[in-house]
Amino acid sequence: MNKYRSHNCSELSEKEINKSVLLSGWLHRKRDHGNLLFLDLRDHFGMTQCVIENNNKYFPVLEKSKPETVLKISGIVVKRTSGTENLDLKTGKIEISIKSVEILSSAKELPMPVFGEQEYPEEIRLKYRFLDLRREEMHNNIILRSKVISFIRSEMLKLGFLEYQTPILTSSSPEGARDFLVPSRLNPGKFYALPQAPQQFKQLIMISGFDKYFQIAPCFRDEDARADRSPGEFYQLDIEMSFVEQNDIFEVVEKLMVNLFNTFSSKKMLSEKFPKIPYEDAMNKYGTDKPDLRNPLIIQDITEIFNRDDVKFDIFKKLVKSGSIVRAIITKNTKDKPRSFFDNIDKWAKEQGASGLAYFTIEKDEEIKGKGPVGKFFSQEALKQIMKICNAEVGDSIFLACGNKKEIEKILSLARNKIAQSLNLIDKNLFAFCWITDYPMYELDENSKKIIFSHNPFSMPQGKLSELNFQKPLAIKAYQYDIVCNGIELSSGAIRNHLPDLMYKLFAVAGYTKKDIDDKFSGMINAFNYGAPPHGGIAPGIDRIVMLLAGKENIREVTLFPMNQNAQDLMMQAPSEVNEKQLKELSIKKDIKN
RNA sequence: GGGGGUGUAGCUCAGUUGGUUAGAGCGCCUGCCUGUCACGCAGGAGGUCGCCGGUUCGAGCCCGGUCACUCCCGCCA
């Protein structure tokens, strides 16, 4: 017999009536009638109502106990009389008639109540995280996270993968995010870095002949936070496979995601076969490489219209002559929307830093014409051509943006979301996955005008290796891909480059010498010279998957002990000062500028 | 590094054009109450209006600065 309980707080029912039971839990809520007191006892599993009358010697003790006191209650299971049952509660047909009570741990007055669904400031929630986590919604989010992780583990094992741990203390890498550094006592002046991801290790695991790897891997990046991005640390489902092509990886991940999302959510999937969208198409049609496919709006290029003589929209025509392009978003059957709808979108676009969004509606009386501020600039023939390009009909409206490719992609991808939200076009009960494929190997850095890797420098370029044109690096595509769900990037991955000679050439384009690579990636590059299998992988973000499944917009809602935006743990008070002795041992001197 | 939002009781918030003693709900304390489940009723305590400075006869309110939290941009191969 357990010292604290015979049952948990959710399992008693009419079956146990008249039984003596022992329950332990938190005092969730008290209803004090003076001579009769009800209390809800709560634990991880649920809630049970207990009742005590003033003839019981423990009555005054309970009357004085504050919420969240931890109690051990012994009593008899009693059937509730009809009319006093609470069917919202699993144990609502019975209650415990209290015989005796022991206070296991008392609680002070709470900085934030556990009871109820009121919102509380982030600062208090983080400082008193243990209280926040007792609240039903947070508690359930964390349980969901745990179940998701075990489900993933068991599915991956079923798919023939094995889980391997990789080092947490490793070496700093020149590419990518800022590293978290850890000073080495035994090697004064030298530092370990926490892994931004186990990238090189998982490739080394393949080279070591293990074939299929996965890990629920902690990753550390010293970059600024966002709502969907923890500062410092996060978890990836890290995957790597040997002797595979891109599609083999897609198959595994699709199977896993479909299974996972169907198991943990009642929302439907737009398609269980995830569409594959080349990067270039995604940028053209959605203006972004993480499109929300629940949103039916598509961006169309209508630059050619502005070369017509019967189009009088001089501002745009002038810009087009000097190289700008014009792209449009069509909204179906919006001719009756009030003027304010259109103006709000235009105003919003200006707030986003764009020069605004021009718009008009296609109407027809005698002939087809454009209605709205810029509608008069288009002839009937021009409108017909627009309708043909955009697959638009009378009654539809058109939003236009003009500028260089990058500007337009940015504003129209935002506008696509904004307009869809305004028109309520996004089905919230849907998961829409897709693959974005064929990323360019390189891109031009805006500031330095240098060629840099656009994604992962260890990726395999596409095409016959003998025919790769290193003179035109921006045209080289890679076997690189992202998986996106509802506009959220879950992960990127790649087929890796396992050929050292090719790797030297690819890095040379981005300005790295052979020595740079030999120094910085010594472990991996050395291994490639002793027989490396073709391999590839991916690493979906666990936190974001759980966010999607829990329907939460903020990563802290699905993280047990998160840090705040300034990368501070308000509960543990990290980071903190350390004493001089520790610093001395590590050969470190502080030099703080302010 | 930059931009936006917020900051008034333990918590959620209201506070008019700058004008007497800054309010409400929840929580807390006291009393009453034997069928509640957001129990009810009566009473009470609780405030450096984030902080510093300025304008003014007078500042929660206006101005400048600063701090905290948050959202976004940059950043995150």
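A short reminder: the numbers here are calculations on the coordinates, not readings from a lab. Predicted model only: the values in this text are computed from it and were never measured. Here the Cβ is made from the backbone with ideal geometry for all residues, glycine too, and neighbour counts use every protein chain on show.
Taking all C-alpha pairs of region A:331-372, those more than 15 Å from each other amount to 47 percent.
Residues in region A:102-108 carry Karplus couplings, in order, of 10, 7, 8, 6, 8, 10, 6 Hz; the curve used is 6.51 cos²θ - 1.76 cosθ + 1.60 with θ = phi - 60°, and Gly or Pro positions show x. The Cα-based radius of gyration of region A:498-540, divided by its Kirkwood radius, gives an Rg/Rh of 1.00. Scaled to the globular estimate 2.2 N^0.38 Å, the Cα spread of region A:316-465, given as radius of gyration, is 1.28.
Here the dipole of region A:431-477 is about 120 debye; that uses its Cα centre as origin and unit charges on the Cβ of Lys and Arg (positive) and Asp and Glu (negative). For region A:168-310, the calculated P(r) over all alpha carbon pairs, in 5 Å bins from 0 to the bin holding the longest distance, is 2, 7, 11, 12, 14, 17, 13, 8, 5, 4, 3, 2, 1, 0, 0, 0 percent. Taking amide H atoms as placed 1.01 Å from N in the peptide plane, the amide H of A:G46 lies under 5 Å from those of A:C9, A:S10, each 5 or more residues away in sequence or on another chain. Evaluated at q = 0.14, 0.19, 0.23 Å⁻¹, the base-10 log of the normalised Debye intensity for region A:11-134, with identical point scatterers placed on the Cα atoms, takes the values -0.61, -1.05, -1.39. Helix A:380-390 and the long axis of chain A differ in direction by around 50°, with both axes built from C-alpha atoms. Of the Cα atoms belonging to region A:243-335, the radius of gyration and Dmax stand at 19.8, 59 Å.
Couplings 3J(HN,Hα) of region A:465-473, computed from phi: 4, 5, 9, 4, 9, 6, 6, 10, x Hz, in residue order, whole Hz [Karplus 6.51 cos²θ - 1.76 cosθ + 1.60, θ = phi - 60°; x for Gly and Pro].
When the Cα gyration tensor is reduced to axis lengths a ≥ b ≥ c, the ratio a/c is 1.5 or higher for region A:484-594, and with a/b not above b/c it is classed as oblate.
For A:M269, enumerate residues with amide H under 5 Å from its amide H, sequence gap 5+ or separate chain, H modeled in the peptide plane. Residues meeting the amide H criterion: A:F431. Here region A:12-68 is assigned +1 on the Cβ of each Lys and Arg and -1 on the Cβ of each Asp and Glu. Its dipole about the Cα centre then comes out at about 100 debye. Scaled to the globular estimate 2.2 N^0.38 Å, the Cα spread of region A:19-58, given as radius of gyration, is 1.21. Using modelled amide H (1.01 Å from N, peptide plane; none on Pro or chain starts), what sits under 5 Å from the amide H of A:R29, excluding residues fewer than 5 places away? Sorted by chain and number, the residues that satisfy this are A:D40. Find how many whole Å separate the alpha carbon centroid of region A:37-107 from the alpha carbon centroid of region A:515-594. Centre-to-centre distance over Cα atoms comes out at 46 Å.
Taking every alpha-carbon pair within region A:59-215, the share separated by more than 28 Å comes to 58 percent.
Histogrammed with a bin width of 5 Å, the alpha carbon distances of region A:254-397 distribute as 2, 8, 14, 18, 18, 14, 9, 7, 5, 3, 2, 0 percent, first bin at zero. Put simply, the C-alpha atoms of chain A give a gyration tensor, and the ellipsoid matching it has half-axes of 52, 38, 23 Å, longest first.
Here the ratio of the Cα radius of gyration of region A:400-480 to 2.2 N^0.38 Å is 1.49.
Three principal axis extents of region A:65-110 based on alpha-carbon atoms, in descending order, are 36, 23, 14 Å. Residue-wise HN-Hα couplings along region A:510-515, as the Karplus relation 6.51 cos²θ - 1.76 cosθ + 1.60 with θ = phi - 60° gives them from phi, are 8, x, 9, 8, 4, 5 Hz; Gly and Pro carry x.
In whole angstrom, region A:304-355 maps to an equivalent ellipsoid with semi-axes of 24, 16, 9, each derived as √(5λ) from the alpha carbon gyration tensor and ordered largest first.
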